[in-house]
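Asks: Before I ask anything, let me first share the structure, which is written out below as C-alpha coordinates.
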Amino acid sequence: MQIAKSILLIVSALFPIVNPLGGSPVFLALTQDYPRNVRMILARKVSVNSLVASFLVGTHILRFFGISIPVVQVGGGLIVVANGWALLKHKDEPDRSEPSHRNVNPTDIFRSAFYPLTMPLTVGPGSISIAITLGANEQRGVANLLLILAAVVGSAVVAASIFLCYGFADRLAAALGESAMNIILRLSSFLLVCIGVQIVWNGVSTLVRSLQ
(Lines give C-alpha, C1' and ligand atoms only; values in the text may rest on other atoms or scores of the structure.)
Protein backbone atom coordinates (compact mmCIF):
# COMPACT_ATOMS: atom_id res chain seq x y z
CA MET A 1 0.00 0.00 0.00
CA GLN A 2 2.87 2.36 0.83
CA ILE A 3 4.51 1.64 -2.52
CA ALA A 4 1.23 2.26 -4.36
CA LYS A 5 0.78 5.59 -2.57
CA SER A 6 4.36 6.62 -3.37
CA ILE A 7 3.94 5.69 -7.05
CA LEU A 8 0.68 7.65 -7.26
CA LEU A 9 2.35 10.64 -5.58
CA ILE A 10 5.29 10.60 -7.99
CA VAL A 11 3.11 10.24 -11.10
CA SER A 12 0.66 12.93 -9.98
CA ALA A 13 3.55 15.29 -9.16
CA LEU A 14 5.63 14.72 -12.31
CA PHE A 15 3.00 14.24 -15.02
CA PRO A 16 1.55 17.81 -14.96
CA ILE A 17 5.06 19.28 -15.00
CA VAL A 18 6.40 17.07 -17.79
CA ASN A 19 3.07 17.34 -19.69
CA PRO A 20 3.89 14.94 -22.56
CA LEU A 21 0.52 15.51 -24.25
CA GLY A 22 1.08 19.26 -24.43
CA GLY A 23 4.69 18.76 -25.52
CA SER A 24 3.87 16.46 -28.41
CA PRO A 25 3.19 19.33 -30.90
CA VAL A 26 6.55 20.86 -30.00
CA PHE A 27 8.27 17.49 -30.43
CA LEU A 28 6.59 17.03 -33.81
CA ALA A 29 7.62 20.51 -34.94
CA LEU A 30 11.26 19.91 -34.01
CA THR A 31 11.32 16.50 -35.74
CA GLN A 32 9.06 17.14 -38.74
CA ASP A 33 11.91 16.54 -41.21
CA TYR A 34 12.59 13.07 -39.79
CA PRO A 35 10.97 9.84 -41.07
CA ARG A 36 8.45 8.22 -38.76
CA ASN A 37 10.76 5.37 -37.72
CA VAL A 38 13.43 7.89 -36.74
CA ARG A 39 10.83 9.87 -34.80
CA MET A 40 9.87 6.72 -32.91
CA ILE A 41 13.53 6.11 -32.03
CA LEU A 42 13.79 9.67 -30.76
CA ALA A 43 10.61 9.28 -28.72
CA ARG A 44 11.97 6.12 -27.12
CA LYS A 45 15.30 7.73 -26.33
CA VAL A 46 13.64 10.85 -24.89
CA SER A 47 11.47 8.70 -22.64
CA VAL A 48 14.49 6.72 -21.40
CA ASN A 49 16.52 9.90 -20.94
CA SER A 50 13.64 11.44 -19.00
CA LEU A 51 13.52 8.43 -16.71
CA VAL A 52 17.24 8.69 -16.04
CA ALA A 53 17.43 12.48 -15.83
CA SER A 54 14.44 13.04 -13.56
CA PHE A 55 15.46 10.78 -10.69
CA LEU A 56 18.54 8.67 -11.25
CA VAL A 57 21.04 11.24 -12.54
CA GLY A 58 19.76 14.80 -12.33
CA THR A 59 19.87 15.34 -8.58
CA HIS A 60 23.23 13.61 -8.17
CA ILE A 61 24.85 15.70 -10.92
CA LEU A 62 23.58 18.90 -9.31
CA ARG A 63 24.94 17.85 -5.94
CA PHE A 64 28.28 16.78 -7.42
CA PHE A 65 28.87 20.14 -9.12
CA GLY A 66 27.30 22.13 -6.29
CA ILE A 67 24.66 23.67 -8.57
CA SER A 68 21.58 25.01 -6.82
CA ILE A 69 18.02 24.75 -8.14
CA PRO A 70 17.69 28.56 -8.65
CA VAL A 71 20.73 28.54 -10.93
CA VAL A 72 19.24 25.62 -12.89
CA GLN A 73 15.98 27.56 -13.13
CA VAL A 74 17.71 30.60 -14.61
CA GLY A 75 19.80 28.63 -17.12
CA GLY A 76 17.07 26.17 -18.06
CA GLY A 77 14.44 28.91 -18.26
CA LEU A 78 16.54 30.89 -20.74
CA ILE A 79 16.88 27.81 -22.95
CA VAL A 80 13.13 27.17 -22.75
CA VAL A 81 12.47 30.79 -23.77
CA ALA A 82 14.91 30.52 -26.70
CA ASN A 83 13.34 27.29 -28.00
CA GLY A 84 9.80 28.61 -27.55
CA TRP A 85 10.65 31.83 -29.37
CA ALA A 86 12.27 29.92 -32.23
CA LEU A 87 9.15 27.77 -32.62
CA LEU A 88 6.93 30.84 -32.38
CA LYS A 89 8.77 32.48 -35.29
CA HIS A 90 8.91 29.25 -37.30
CA LYS A 91 7.21 29.62 -40.67
CA ASP A 92 5.48 26.73 -42.39
CA GLU A 93 6.76 25.70 -45.79
CA PRO A 94 4.46 26.96 -48.57
CA ASP A 95 4.35 23.58 -50.33
CA ARG A 96 3.90 20.38 -48.39
CA SER A 97 2.45 18.31 -51.18
CA GLU A 98 5.61 16.25 -51.48
CA PRO A 99 6.86 14.98 -48.11
CA SER A 100 10.60 15.43 -47.97
CA HIS A 101 12.80 13.84 -45.35
CA ARG A 102 16.38 14.93 -44.95
CA ASN A 103 19.19 12.47 -44.49
CA VAL A 104 19.71 12.06 -40.77
CA ASN A 105 23.01 11.25 -39.13
CA PRO A 106 22.47 8.78 -36.24
CA THR A 107 24.92 10.80 -34.15
CA ASP A 108 22.75 13.88 -34.58
CA ILE A 109 19.72 11.86 -33.50
CA PHE A 110 21.38 10.77 -30.28
CA ARG A 111 22.58 14.31 -29.63
CA SER A 112 19.20 15.95 -30.14
CA ALA A 113 17.47 13.22 -28.14
CA PHE A 114 19.05 14.59 -24.98
CA TYR A 115 19.33 18.28 -25.85
CA PRO A 116 16.96 19.96 -26.34
CA LEU A 117 14.25 17.28 -26.56
CA THR A 118 14.86 15.76 -23.11
CA MET A 119 16.40 18.69 -21.29
CA PRO A 120 15.05 21.25 -20.91
CA LEU A 121 11.91 20.81 -23.06
CA THR A 122 10.66 17.59 -21.42
CA VAL A 123 12.55 17.31 -18.13
CA GLY A 124 13.34 20.80 -16.90
CA PRO A 125 14.12 22.56 -13.62
CA GLY A 126 10.57 22.00 -12.42
CA SER A 127 10.70 18.22 -12.61
CA ILE A 128 14.21 18.11 -11.15
CA SER A 129 13.18 20.29 -8.22
CA ILE A 130 10.14 18.06 -7.64
CA ALA A 131 12.40 15.00 -7.69
CA ILE A 132 14.66 16.60 -5.09
CA THR A 133 11.66 17.58 -2.98
CA LEU A 134 10.18 14.07 -3.11
CA GLY A 135 13.52 12.60 -2.10
CA ALA A 136 14.19 15.09 0.67
CA ASN A 137 12.42 13.02 3.32
CA GLU A 138 13.87 9.66 2.41
CA GLN A 139 13.98 7.07 5.17
CA ARG A 140 16.70 4.57 5.85
CA GLY A 141 16.73 0.79 5.67
CA VAL A 142 14.04 -1.30 4.01
CA ALA A 143 11.67 1.69 3.72
CA ASN A 144 14.29 3.51 1.67
CA LEU A 145 14.52 0.58 -0.75
CA LEU A 146 10.74 0.61 -1.13
CA LEU A 147 10.81 4.34 -1.89
CA ILE A 148 13.52 3.81 -4.49
CA LEU A 149 11.40 1.07 -6.10
CA ALA A 150 8.37 3.36 -6.08
CA ALA A 151 10.44 6.17 -7.63
CA VAL A 152 11.64 3.91 -10.44
CA VAL A 153 8.13 2.58 -11.17
CA GLY A 154 6.54 6.05 -11.02
CA SER A 155 9.20 7.51 -13.30
CA ALA A 156 8.76 4.57 -15.69
CA VAL A 157 5.02 5.30 -15.92
CA VAL A 158 5.74 8.94 -16.80
CA ALA A 159 8.41 7.83 -19.30
CA ALA A 160 5.90 5.47 -20.96
CA SER A 161 3.43 8.33 -21.33
CA ILE A 162 6.17 10.43 -22.95
CA PHE A 163 6.90 7.67 -25.46
CA LEU A 164 3.23 7.25 -26.36
CA CYS A 165 2.55 10.98 -26.76
CA TYR A 166 5.77 11.73 -28.67
CA GLY A 167 5.89 8.54 -30.73
CA PHE A 168 2.34 8.96 -32.02
CA ALA A 169 2.39 12.75 -32.27
CA ASP A 170 2.05 12.53 -36.06
CA ARG A 171 -1.14 10.46 -35.77
CA LEU A 172 -2.51 12.98 -33.31
CA ALA A 173 -1.71 15.73 -35.80
CA ALA A 174 -3.42 13.78 -38.60
CA ALA A 175 -6.52 13.29 -36.46
CA LEU A 176 -6.72 16.97 -35.50
CA GLY A 177 -5.85 18.36 -38.93
CA GLU A 178 -3.08 20.70 -40.06
CA SER A 179 -4.89 23.92 -39.13
CA ALA A 180 -5.76 22.76 -35.62
CA MET A 181 -2.25 21.39 -35.06
CA ASN A 182 -0.75 24.68 -36.23
CA ILE A 183 -2.92 26.57 -33.75
CA ILE A 184 -1.92 24.18 -30.97
CA LEU A 185 1.75 24.55 -31.92
CA ARG A 186 1.60 28.36 -31.83
CA LEU A 187 -0.24 28.32 -28.52
CA SER A 188 2.20 25.77 -27.09
CA SER A 189 5.14 27.86 -28.29
CA PHE A 190 3.73 30.99 -26.65
CA LEU A 191 3.07 29.09 -23.43
CA LEU A 192 6.62 27.70 -23.64
CA VAL A 193 8.00 31.25 -23.75
CA CYS A 194 5.81 32.25 -20.80
CA ILE A 195 6.82 29.16 -18.82
CA GLY A 196 10.48 29.90 -19.51
CA VAL A 197 10.10 33.50 -18.32
CA GLN A 198 8.32 32.27 -15.18
CA ILE A 199 11.10 29.74 -14.51
CA VAL A 200 13.75 32.44 -14.94
CA TRP A 201 11.81 34.79 -12.66
CA ASN A 202 11.49 32.13 -9.97
CA GLY A 203 15.23 31.48 -10.08
CA VAL A 204 16.19 35.16 -10.06
CA SER A 205 13.77 35.91 -7.20
CA THR A 206 15.23 33.11 -5.10
CA LEU A 207 18.79 34.24 -5.81
CA VAL A 208 17.95 37.85 -4.92
CA ARG A 209 16.27 36.79 -1.68
CA SER A 210 19.34 34.73 -0.77
CA LEU A 211 21.49 37.90 -0.97
CA GLN A 212 19.37 39.77 1.56
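The values are calculated or read from the model by the stated rules, or taken from the named source; none is laboratory data. Fair warning: this is a prediction, and the values are worked out from it, not measured in the lab. Glycine gets a Cβ as well: all are built from the backbone with ideal geometry, and neighbour counts include every protein chain shown. Each accessible area value is taken on the protein alone, full model and side chains, heavy atoms only, with ligands, DNA and RNA left out. Shrake-Rupley method; radii C 1.70, N 1.55, O 1.52, S 1.80 Å.
Asks: Among the residues of the stretch 81-94, is there at least one that is open to solvent by 90 Å² or more (accessible area, probe 1.4 Å) and modelled with pLDDT under 80?
Replies: Yes, there is a match, as at least one residue in the stretch 81-94 is open to solvent by 90 Å² or more (accessible area, probe 1.4 Å) and modelled with pLDDT under 80.
Asks: OK, next. Hey, among Gly203, Gly167, which residue is within 18 Å of Leu117 (Cα to Cα), surrounded by 14 or more Cβ atoms within 10 Å (Cβ to Cβ), modelled with pLDDT of 85 or more and of a type outside the set (A, V, I, L, M, F, W, C)?
Replies: Result of the check over Gly203, Gly167: Gly167.
Asks: Exactly one condition in (1) hydrophobic (A, V, I, L, M, F, W, C); (2) closer than 26 Å to Arg186 by Cα; (3) at pLDDT 85 or above; (4) open to solvent by 30 Å² or more (accessible area, probe 1.4 Å) is false for Leu21; which is it?
Replies: Against the list (1) hydrophobic (A, V, I, L, M, F, W, C); (2) closer than 26 Å to Arg186 by Cα; (3) at pLDDT 85 or above; (4) open to solvent by 30 Å² or more (accessible area, probe 1.4 Å), Leu21 comes up short only on (3).
Asks: Out of curiosity, is Leu211 surrounded by fewer than 18 Cβ atoms within 10 Å (Cβ to Cβ) and within 18 Å of the chain's Cα centre (by Cα)?
Replies: Here the answer is no, as Leu211 does not meet what is asked.
Asks: Could I ask something else about it? Among the residues of the stretch 56-80 satisfying the criterion of being β-branched (Val, Ile, Thr) and buried (at least 17 other Cβ atoms within 10 Å of the Cβ), which is modelled with the highest pLDDT?
Replies: Among them, the one singled out is Val74.
Asks: Continuing with the same structure: Given the criteria modelled with pLDDT of 80 or more and within 21 Å of Asp33 (Cβ to Cβ), does Ala159 qualify?
Replies: Answer is no for this residue.
Asks: Let me ask something else. Kindly indicate whether any position in the stretch 175-190 is in a loop (DSSP other than H, G, I, E, B), at pLDDT 85 or above and farther than 19 Å from Gln73 by Cα.
Replies: No.
Asks: Right, here's the next one. Any residue in the stretch 63-90 that's within 14 Å of Arg186 (Cβ to Cβ): show its pairings with residues that are surrounded by fewer than 16 Cβ atoms within 10 Å (Cβ to Cβ) at Cβ separation under 7 Å, as long as the two are six or more apart or on different chains.
Replies: Leu88/Arg186; Leu88/Phe190
Asks: Here's a check for you: in the stretch 35-55, which residue that is of a type outside the set (A, V, I, L, M, F, W, C) and at pLDDT 85 or above is most open to solvent (accessible area, probe 1.4 Å)?
Replies: Going through the qualifying residues, I end up with Arg44.
Asks: Looking at the stretch 9-17, is at least one residue part of a helix (DSSP H, G or I), at pLDDT 85 or above and not β-branched (Val, Ile, Thr)?
Replies: Scanning the stretch 9-17, I find no residue that is part of a helix (DSSP H, G or I), at pLDDT 85 or above and not β-branched (Val, Ile, Thr), so the answer is no.
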